[in-house]
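The values are calculated or read from the model by the stated rules, or taken from the named source; none is laboratory data. This one's a predicted model, so the numbers in the text were calculated from it and none came from an experiment. No Cβ is skipped: glycine too gets one built from the backbone with ideal geometry, and neighbour counts run over all protein chains shown. These accessible areas exclude ligands, DNA and RNA; they are computed on the full protein's heavy atoms, side chains included. Shrake-Rupley method; radii C 1.70, N 1.55, O 1.52, S 1.80 Å.
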Amino acid sequence: MTTRIGVVTFPGTLDDQDALRAVRIAGAEPVSLWHRDKDLHQVDAVVLAGGFSYGDYLRAGAISRFSPVMETLIEQAKAGLPVLGICNGFQILTEAHLLPGAMLRNNHLHFICRDQKLRVENAETAWTADYSAGQEISVPLKNMDGRYTADERTLDELEAEGRVAFRYLDGNPNGSLRDIAGITNAAGNIVGLMPHPEHAVEPLIGTGRTDGLGFFTSIIKKLVNA
């Protein structure tokens with residue numbers, strides 16, 4: 001049976017088509033999900049794509065968090081549905097309290113767009129199993145509100161429990177505390193990160209490498225072997 005991976009589109013989402021393409025290249029069936037539809041249409045996993053949903057009004061992801069689709073997604077994610085939040089999707093996951101912490105304006109107060117080197121810190125989540133701990137990858141980064149923050153107790157818990165999934169290398173691009181680029185929940189089914197793996201799945205575009213493809217092949221293998 002074909003693995004079905006849904007990609008949610010909110011008003012202002014930019015990278016849904018790229019995420020759908022990445023899902024297809026990895027070998028799964030991409031399913032478009034609309035933010036006003038509570039039905040997840042029996043998908044096996046969900047991607048919250050990047051962009052500027054609702055124009056980032058109030059805070060990035062703050063309005064999208066209350067879209068009808070999120071009611072179902074939050075319930076199912078807590079029950080084990082794999083969810084990947086990329087950039088704005090990561091912001092939505094923190095606003096929905098599916099992941100701890102918050103995203104603030106970049107410390108240099110400028111939008112940043114560049115290829116970003118990352119170190120894989122946790123290769124045991126549903127979305128990172130095709131990587132190795134300590135592996136260095138490069139994927140595009142583009143954000144204005146990408147500075148991950150949390151209180152010291154939360155940061156210490158993330159470190160102690162191995163829930164920092166990715167860390168920035170060769171310079172912190174936005175002032176994220178402890179160079180955190182992405183995190184996971186305790187169960188490992190929910191992952192959020194600011195860089196864009198969906199832009200690095202084929203040699204022709206993005207970084208010219210396929211370092212981001214592992215996110216999508218990881219979840220397919222996880223679901224097939226479940």
Percent accessible area from carbon and sulfur atoms, the chain, protein chains only, probe 1.4 Å:
49
Suppose we keep just the DSSP beta bridges with both residues in the chain; what percent of those would be antiparallel, to 5?
55
Going through the range 62-143, which GluC sites (Glu not before Pro) have at most 13 other Cβ atoms within 10 Å and a DSSP loop state?
E124
With a 1.4 Å probe and all protein chains left in place, how much accessible area per residue does the range 148-226 have, in Å²?
40
Before I look further, what does the range 1-106 give for accessible area per residue, probe 1.4 Å, in whole square angstrom?
43
Need one number: convex hull volume per residue for the chain, Cα atoms only, in Å³.
106
Please name which of H97, L20, T210 has its Cα lying farthest along the dipole of the chain towards the positive end, using unit charges on Cβ (Lys, Arg +1; Asp, Glu -1) and the Cα centre as origin.
L20
Give me the one-decimal nm value for the distance between modelled label points at D170 and Q76, 7 Å along each residue's Cα-to-Cβ direction.
3.8
Chymotrypsin sites (Phe, Trp or Tyr not before Pro) within the range 87-196, DSSP loop, no more than 16 other Cβ atoms inside 10 Å
F111
Please work out the Cα center distance from the range 65-131 to the range 162-183, rounded to the nearest Å.
13
With only Lys, Arg, Asp and Glu charged, each at its Cβ (+1 for the first two, -1 for the last two), find how big the charge dipole of the chain is about the Cα centre; round to the nearest 20 debye.
220
With each pseudo-label sitting 7 Å past Cα toward Cβ, what's the E29-K221 distance in nm, one decimal?
2.4
When only Cα pairs under 8 Å and 6 or more residues apart are kept, what is the percent relative contact order across the range 1-137?
20
Any trypsin sites (Lys or Arg not before Pro) in the range 131-225 that lie in a DSSP loop and have at most 16 other Cβ atoms within 10 Å would be R209
